[in-house]
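Each remark here refers to the structure printed beneath this line.
The values are calculated or read from the model by the stated rules, or taken from the named source; none is laboratory data. Just so it is clear, the model here is predicted, and its values are computed rather than measured. A quick note on method: Cβ atoms are made from the backbone with ideal geometry, for glycine too, and the neighbour counts reach across all protein chains shown.
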């Protein structure tokens, strides 16, 4: 065990984590040069485009250190976005150490700070690395100071590196060997293995990435999953280099994959503990949580006959994304679709994009919403995930909304605008700390405000410098009302929103005015109204188009005119027919474009 | 009509055949124009081109053996760049090769600023019996904004000359011009009506793809103002005794453009010259052809014997749309029987969609006739989309 090092990389998006991981793999000969496609650890297309890692993956590397000994380094990749903080904590708890990679030309960001704190809380040794030092704008001294100020770890001797140019790679690996402790654990005790990640493979079923803490795991073992009490027979174990290589067993301290003929991802929950049926461990490893969806949205096919294929697509996506939840939903306006639960906005966007890109679905997505708690008149508490389902106020005594604690890191120059933004979003300031050049703001904010457009606004008021991390805190009672939207007099359930009473009139007015801009003129007037309770608070009219006709069509024009009309028809197909009105996808998300006072 | 019905559809009678001739040169290219026109550089290869046109026609003859030609349209470009002598040679050559009906309408497009009095006399003597004059506007500022080479005075003079030799001529007028007001549009129209044309085409200026205006849009009137203009123009032309018989075409009684009506009733046409299109029916199929567009390409290909860049059978499922794209432009619509006669397809293919459109006040029909309602004419694109395959 003393030659094993398990470590992760903590870094903000774009700070060079994936490139660095590639360099390690290359340096340790995990892949031939021809097998190296850029950023091998990020295997999904979308990840490559967005430059973020969604599913944690891993690489077992053999490194011959300067002391002449060969070490087994297990690099455990972590997701890099606020939506995936639970996965991050599970990845980190499988490690003894973490490299904090900071872009020497940018400095520390809130995301990194949050993950670092998680690592430190879990007792993980955090070693700073200053990346991109070859950039002209690099300020390693200042950034090192910032790391000390904000995170509170020694950073003066942090390794200076450039993953892109291959500078300092060996120094980092030496740092891993010398500064990160080897794993501890009882190799002879009853098996305890932590599920770091799991995914579905078409040929072998569920593949689990595990860290063996105590004991060992081998094919033919009878495995017990401690949270679900499910039993499965171990079929295969091995490591990723990142190519998969079978092993006879995974021993205490090691990281690798386990295949046990599991058909459903739900049976292999991230954070669960695997033990043997006999002898079983007494207690599971700490930290397991059933992850709950935080953000909900309705997904509807543009063409109603695509409902079944949307179901198939979601089912297929769910095979590899246990945090995606969906159940059938019927909207009067949009017909049959699904109410889907996501970890956060990014997760929603990724799912939406994969459905459109990989499964070729044309979708209408309704505005994202959070879960509300309703205390009914009889004292029972129910949850509402769809604003249109909010009953009449006479039916309940209280409505509660989720509140998050947001940590925002922002350069001093932008503190003012960021605080103004937080106040507009009904935030309550809890703390404000000057850390060198940066300021750390802590706010309690209604999550509903954050899932809408908070992140984009935050970026825009701070010219992109502010960064955000958040955690669910509690449900709090609030004066909330349902805002309905009527199109040509008909309530469109898919457009209903739950808003704070204080903002309701303003938002209603802004929303319908935005929708007027987004709904194209049609063959008749389209009235868009906002209503609270039965009362109309705003009205706008999309005036009927006066004409839509081609001025000329002679003998030589047939093909061109046909193409033009085909294009026009295809454009309409992307819109959803509600009653006799064609509403484009953007209009369903118009609320995201409404600015605040 | 023949009594023989083809098994599984097919044409029982061939439609009238007209002839389109394209002259692809202009003095300069206008910024709104997406037609196949090319700025003239140096002298025009007039004789060579007329020779190519006649050989082109000859190459088409096997496709239309024995069928008479009911009308000729010489379009462009600016055909009035050609001399009267060249047009005379061309028409004589055509008469020698096909049977041209004695009362055939023979139109030539002319642009102000490209011809003078004796040229008009020459055109008339060569057999041209209808002119279509591209005045576009009679407002100097607007003509300049449109990039035209002529001004108001030249437009007036050209019409005056036309009058001397032709009793039948069309004026092309455009509205919704850059920065145009309703009053300006109507003043333009009144000035055009005062010139006493037998036919007037009033086009809404459209920004077509692949034009300078499309890339750098001028400040155009908004949709509502443009619609106001259209309504006012229609009303004024009706009051002046013009029949509004097609989307943009207005005519004195008996003066409708027969050549264009043949397009709109899904008739056949040969197309010769650079970039010209043809539609030719056979008992078992309908084909479309297009010639090479670049004048030099066309001449070279014609010298080698064949200038068709495209020659294909229209897929059957496209025919209902293509028919409607044309026929529904006509205010009077069409007799239902014409659909089967021209496409060879059973009417049952079309009726469900027609009835749906009737229910939505886009079409109206009797047992044997269908026509667009006013609403259908205003929203013709939405109506036509329904017939796309």
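Quick look at the numbers
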read-out: Hits in region B:190-205 (condition: surrounded by 15 or more Cβ atoms within 10 Å (Cβ to Cβ) and either part of a loop (DSSP other than H, G, I, E, B) or within 13 Å of chain A (Cβ to nearest Cβ) (or both)); value: B:195, B:197, B:198, B:201, B:202, B:203, B:204, B:205
read-out: Identity of the residue in region A:484-502, surrounded by 20 or more Cβ atoms within 10 Å (Cβ to Cβ) and over 28 Å from the mean Cα position of the chain (by Cα), that ends up farthest from residue B:380 (Cα to Cα); value: A:484
read-out: Verdict on residue B:274 being surrounded by 24 or more Cβ atoms within 10 Å (Cβ to Cβ), over 21 Å from residue B:133 (Cβ atoms) and more than 9 Å from chain A (Cβ to nearest Cβ); value: yes
read-out: Count of residues meeting criterion [at the interface with chain A (Cβ under 10 Å from one of its Cβ atoms) and in a strand (DSSP E or B)] in region B:206-248; value: 1
read-out: Meets criteria (within 14 Å of another protein chain (Cβ to nearest Cβ), outside any helix (DSSP H, G or I) and in contact with a helix residue (DSSP H, G or I) (Cβ under 9 Å, 6 or more places away or on another chain)) for residue B:361; value: yes
read-out: Within region A:92-121, considering residues that are in a loop (DSSP other than H, G, I, E, B) and in contact (Cβ under 8 Å) with a residue 60 or more places away in the chain, the one nearest to residue A:407 (Cα to Cα); value: A:109
read-out: Residue satisfying all of: in region B:329-345; assigned to a loop (DSSP other than H, G, I, E, B), in contact (Cβ under 8 Å) with a residue 40 or more places away in the chain and more than 16 Å from residue B:279 (Cα to Cα); nearest to the other protein chains (Cβ to nearest Cβ) among these; value: B:329
read-out: Number of the exception - residue B:360 against (1) over 26 Å from residue B:283 (Cα atoms); (2) at pLDDT 95 or above; value: (2)
read-out: Among the residues listed as B:253, B:283, the single one being within 21 Å of residue B:320 (Cβ to Cβ) and away from every other protein chain (no Cβ under 12 Å); value: B:283
read-out: Among the residues listed as B:368, B:355, the single one being more than 25 Å from residue B:270 (Cβ to Cβ), without any contact (Cβ under 8 Å) to a residue 12 or more places away in the chain and either more than 12 Å from chain A (Cβ to nearest Cβ) or in contact with a strand residue (DSSP E or B) (Cβ under 6 Å, 6 or more places away or on another chain) (or both); value: B:355
read-out: Subset of region A:211-225 (residues that are in a loop (DSSP other than H, G, I, E, B) and surrounded by fewer than 19 Cβ atoms within 10 Å (Cβ to Cβ)); value: A:218, A:219, A:220
read-out: Hey, residue A:281 in contact with a strand residue (DSSP E or B) (Cβ under 9 Å, 6 or more places away or on another chain) and buried (at least 18 other Cβ atoms within 10 Å of the Cβ) or not; value: yes
read-out: Checklist (1) closer than 15 Å to residue A:8 by Cβ; (2) buried (at least 21 other Cβ atoms within 10 Å of the Cβ) applied to residue A:117, failing item; value: (2)
read-out: Where residue A:331 falls short, out of the listed (1) in contact with a helix residue (DSSP H, G or I) (Cβ under 7 Å, 6 or more places away or on another chain); (2) at pLDDT below 85; value: (2)
read-out: Residue list for region A:69-91, restricted to those being within 20 Å of the chain's Cα centre (by Cα) and assigned to a strand (DSSP E or B); value: A:76
read-out: Whichever residue in region B:114-126 is under 21 Å from residue B:104 (Cα atoms) and in contact (Cβ under 8 Å) with a residue 40 or more places away in the chain and, among such residues, is surrounded by the most Cβ atoms within 10 Å (Cβ to Cβ); value: B:123
read-out: Single unsatisfied condition, residue A:491 versus (1) closer than 17 Å to residue A:452 by Cβ; (2) in contact with a strand residue (DSSP E or B) (Cβ under 6 Å, 6 or more places away or on another chain); value: (1)
read-out: Residue satisfying all of: in region A:464-489; out of contact with any helix residue (DSSP H, G or I) (no Cβ under 7 Å at 6 or more places or on another chain) and assigned to a loop (DSSP other than H, G, I, E, B); farthest from residue A:391 (Cα to Cα) among these; value: A:464
read-out: Some residue of region B:290-308 being under 22 Å from the mean Cα position of the chain (by Cα), more than 20 Å from residue B:63 (Cβ to Cβ) and buried (at least 21 other Cβ atoms within 10 Å of the Cβ); value: yes
read-out: Given (1) part of a loop (DSSP other than H, G, I, E, B); (2) more than 14 Å from chain A (Cβ to nearest Cβ); (3) surrounded by 22 or more Cβ atoms within 10 Å (Cβ to Cβ), index of the condition residue B:162 fails; value: (1)
read-out: Wholly enclosed strands (runs of 3 or more DSSP E) of region A:515-596 bearing at least 2 residues within 14 Å of chain B (Cβ to nearest Cβ), more than 31 Å from the chain's Cα centre (by Cα) and at pLDDT 90 or above; value: A:535-542, A:581-583
read-out: Test: residue in region A:408-421 that is part of a strand (DSSP E or B), more than 26 Å from the chain's Cα centre (by Cα) and surrounded by 16 or more Cβ atoms within 10 Å (Cβ to Cβ); value: no
read-out: The one condition in (1) more than 10 Å from chain A (Cβ to nearest Cβ); (2) touching a strand residue (DSSP E or B) at 6+ places or on another chain (Cβ under 8 Å); (3) within 19 Å of residue B:343 (Cβ to Cβ) that residue B:269 fails to fulfil; value: (1)
read-out: All positions within region B:288-328 that are part of a strand (DSSP E or B) and without any contact (Cβ under 8 Å) to a residue 60 or more places away in the chain; value: B:288, B:289, B:290, B:308, B:309, B:310, B:311, B:312, B:313
read-out: Candidates B:66, B:43, B:75 - the one that is part of a loop (DSSP other than H, G, I, E, B) and closer than 30 Å to residue B:338 by Cα; value: B:66
read-out: Residue B:31 being assigned to a loop (DSSP other than H, G, I, E, B), more than 17 Å from the chain's Cα centre (by Cα) and within 14 Å of another protein chain (Cβ to nearest Cβ); value: no
